[in-house]
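A quick write-up on the structure given underneath.
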Amino acid sequence: MSSKRQQITILGSTGSIGVSTLDVIARHPDRFSAYALTASTSVDALYEQCCRFQPRFAVMADADAAAALERRLRDAGVTRVLHGDAGLRQVAEAAEVDAVMAAIVGAAGLPPTLAAAQAGKRVLLANKEALVMAGALFMSAVREANALLMPIDSEHNAIFQCLPVAADGRPGLQGVERILLTASGGPFRSWSESAISDASPDQACAHPNWAMGRKISVDSASLMNKGLELAEACWLFDVTPEQVDIVVHPQSIIHSMVQYQDGSVLAQLGNPDMRTPIAFGLAWPERIMAGVSPLDMIATARLDFEAPDEGRFPCLRIAREAIAAGGTAMVSCNAANEIAVAGFLEGQLGFTEIPRLIEATLEQVPQVEPTTLSIVENADALARDTARALLANPGTRRTVARAPLSQDR
Ligand code: NAD
Ligand code: MG
């Protein structure tokens, strides 16, 4: 173990992943200390975390929230309060920082996560949207700055653990045939099409195996999460979408698998608890306690598998087509999805209208090559504006054709 304590910035410390990260850090005060904690607007939650973890910096996305936090922290300790994009960037790239947990939800996480990669940090990537939007830019920043990219998404963390070790000690592809990306199927896996169309936000957020933030919970219910994760896997492991099979595994005990040329399939198993991939990402190549209860195979009893149904869950097909289209298609897909999910959570559109809004947006926006961050940001903004306009005018959204049933075996 290294003698110096690792200084950790947690982008999005008040969210589901952020709280789990602090839980792991708190178990190892000899190894890790919180350098910076950040949140969007939740002053109370960030205040409590600052009192407990005494970070050097706290960053609030919102200036008024930052002022409120500063007033409350004035007599409480050592923490300086910053705000906005500049504050997030500062704590992501500061020289004293060893590792950055990227756990802001959505496209808002891209700029500070990219800054952490450009500064050569150990980047613990939960914010898959950053990679989905700017994969080429992000991966070249990682290579150029010699950053260490640790996937935290449970499936990608599992794949990382199952891949062979290359000469540089990092995962390689030697002898690998395919990646088997598992999906729980979400809360509507066995629901009829008509029941799904009446689903409420609370039903969509009631994930059978994981307690997560509301946006990713809706993505899991629509299978857009698996579409984003397909893109994420291709960037992280340098594979094509054709080399990745999506396997629905309702128990979420196997977190993904790697199939080798000799017929071997390696899987990573564990109870569904994000503290396992977080602890792995923090300590790799060592292993540390994560507070996760051991897997009881006898109690688990069975592991089931089935093919995904892209008919009832068209978001997976839409994402797959956007990945194949290339350019900024996945930027637009991700942006339209964020608007659609927010609209669904606010009761502005039904669950099955989410894919319609995304497809209608993709039909209207041009696709270009995402060679710079500003091209990505412009494509993101245009798709958001287009999706918002479509949300305000429901008559302009078209119906999503049902995909062939060949997947429904
Ligand atoms: P969450 O909604 O619980 O938390 C999001 C965090 O980001 C909060 O701290 C919030 O204050 C902050 N935030 C939100 N909007 C912001 C903005 N505009 N600017 C700055 N900060 C902002 O989300 P989560 O479930 O913890 O997910 C975080 C990320 O991790 C997502 O990208 C998600 O896809 C990914 N992820 C989550 C899980 C999980 O189990 N929760 C699993 C895999 C991947
Ligand atoms: Mg996942």
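Structure values in brief
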| item | result |
| --- | --- |
| Rel. contact order, % - alpha carbon contacts under 8 angstrom, at least six apart, region 6-151 | 21 |
| Positive dipole terminus of the chain, leading residue within Val247, Gly87, Gln6 (C-beta point charges) | Gln6 |
| Whichever lysines have a C-alpha closer than 25 Å to that of Lys121, once near sequence neighbours (fewer than 8 apart) are set aside | Lys4 |
| Hull volume in cubic angstrom per residue (convex hull over the Cα atoms of region 6-151) | 91 |
| Rg in Å to one decimal, and Dmax rounded to a whole Å, for region 171-267 via C-alpha atoms | 15.1, 47 |
| Quarter of Cα convex hull surface for the chain, i.e. mean projection, nm² | 20.1 |
| Whole-angstrom gap from region 17-36 to region 86-143, using each part's C-alpha centre | 18 |
| Listed peptides 267-276, 332-341 by packing density, highest first (mean Cβ within 10 Å) | 332-341, 267-276 |
| Cα lying deepest toward the dipole's positive end in region 137-227, options Phe160, Leu181, Ala145, charges on Cβ | Ala145 |
| Convex hull per residue volume in Å³, alpha carbons only, for region 267-312 | 133 |
| Reach of Lys128 by Cα under 18 Å, taken over lysines that are not fewer than 8 positions away in the same chain | Lys215, Lys226 |
| Only Lys, Arg (+1) and Asp, Glu (-1) charged, at Cβ; region 6-151 dipole about Cα centre in debye | 240 |
| Within the chain, helix-based [θ] at 222 nm, where runs of 4 or more DSSP H residues each add -39,500 (n - 2.57), nearest 500 | -13500 deg cm²/dmol |
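Values quoted throughout were computed directly from the atomic coordinates according to the rules given, and no laboratory measurement underlies them. Because the structure is a prediction, the values reported are computed rather than measured. Cβ coordinates were reconstructed from backbone atoms using ideal geometry, including for glycine residues, and neighbour counts include every protein chain displayed.
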